[in-house]
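Worksheet: the structure to be examined is printed underneath.
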Amino acid sequence: MPPGSAAPRIHVAIVEDDLGFRSALARALLAAPDMKLAGTAGTKAEGLALLLGPPVDVLLVDLGLPDGSGIEVIRAAARQWPSCSIMVSTNFGDETHVMRSIEAGAAGYLLKDSSQARIVDEIRSLASGGSPISPIIARQVLARFRQDTVSSGAAGTEAAAGEPQLLSAREKEVLDFITKGFTAVEIAKLMGLSHFTVRTFVRRIYSKLKVTSKAEAIYEARNQGLLAG
């Protein structure tokens, strides 16, 4: 990197009603040289108000807010800040909250037993295209996935063949660049987007194809006829 230049900092906003936890997390973010705390909120209403401002790269949301569910904030953020990566940080680890959060648009899910240092590390992972998730939550998601796969059976496979296109035109464009070996930074330059936006597209592609790596994404996309060859 040329002298005097610096990598763009990760802009983070927090929606958390526990003042002690929010303050500790804010201090950890302020101490991280590659991050910028862009805003905080303690209620659902304040969280929704945050969304009226400039979008951030990562939004951390607690689910148990005093005036409503954080899932409503997640859903609104996914709609108003489409390039933002959303991560849940909560005490709720039951399947209902987990699945509703993911369906609303969350790309990561951590329980509050994680240390502030680990959460900061996971924010970096999320901003780089990962989907950090607490181990106990990961087991629930995998168990749910296996259950859905078994219950769908052959009938589900046949029905899937008649479904509309899985990926949007923009996602197919990103996938095509991935297939050709371009990095997220290179794709961002080619498409005139930020690399955070490209990584959001990559996460969505992985989620829709139900894969966790570039190789799996390419293989699955070809299997479904989304790529030539």
Proximal charge balance of residue 111 [Cβ under 14 Å; K/R count +1, D/E count -1]: -4
Net charge of neighbours whose Cβ lies under 9 Å from the Cβ of residue 16, counting Lys and Arg as +1 and Asp and Glu as -1: -2
Stretch gain in nm, segment residue 49-residue 31, where the contour uses 0.36 nm per residue and the Cα spacing is subtracted: 3.9 nm
Rg [Å, one decimal], Dmax [Å, integer] - segment 28-109, C-alpha atoms: 12.2, 36
Loop-resident sites, segment 179-229, for trypsin sites (Lys or Arg not before Pro), counting at most 16 other Cβ within 10 Å (DSSP): 180, 210
Cα centroid separation, segment 175-224 to segment 96-118 (Å): 23
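Once fully extended, how much extra length lies between residue 166 and residue 116, figured as 0.36 nm per residue of separation less the alpha-carbon to alpha-carbon distance? Before the final figure, lay out each step's value.
Numbers: separation 50, 0.36 × 50 = 18.00 nm, distance 3.67 nm.
Once the chain is fully extended between residue 166 and residue 116, it gains 14.3 nm.
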Accessible surface of residue 87 - all protein chains present, 1.4 Å probe, nearest 10 Å²: 0
Residue-count net charge about residue 42 - beta-carbon cut-off 12 Å; Lys, Arg +1, Asp, Glu -1: -4
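The values are calculated or read from the model by the stated rules, or taken from the named source; none is laboratory data. Note that this is a predicted model, so its numbers are computed, not measured. Don't worry about glycine lacking a Cβ; one is built from the backbone with ideal geometry, like all the others, and counts go over all protein chains shown. For the accessible areas, the whole protein counts, side chains as well, though only heavy atoms, and no ligand, DNA or RNA atoms are used. Shrake-Rupley method; radii C 1.70, N 1.55, O 1.52, S 1.80 Å.
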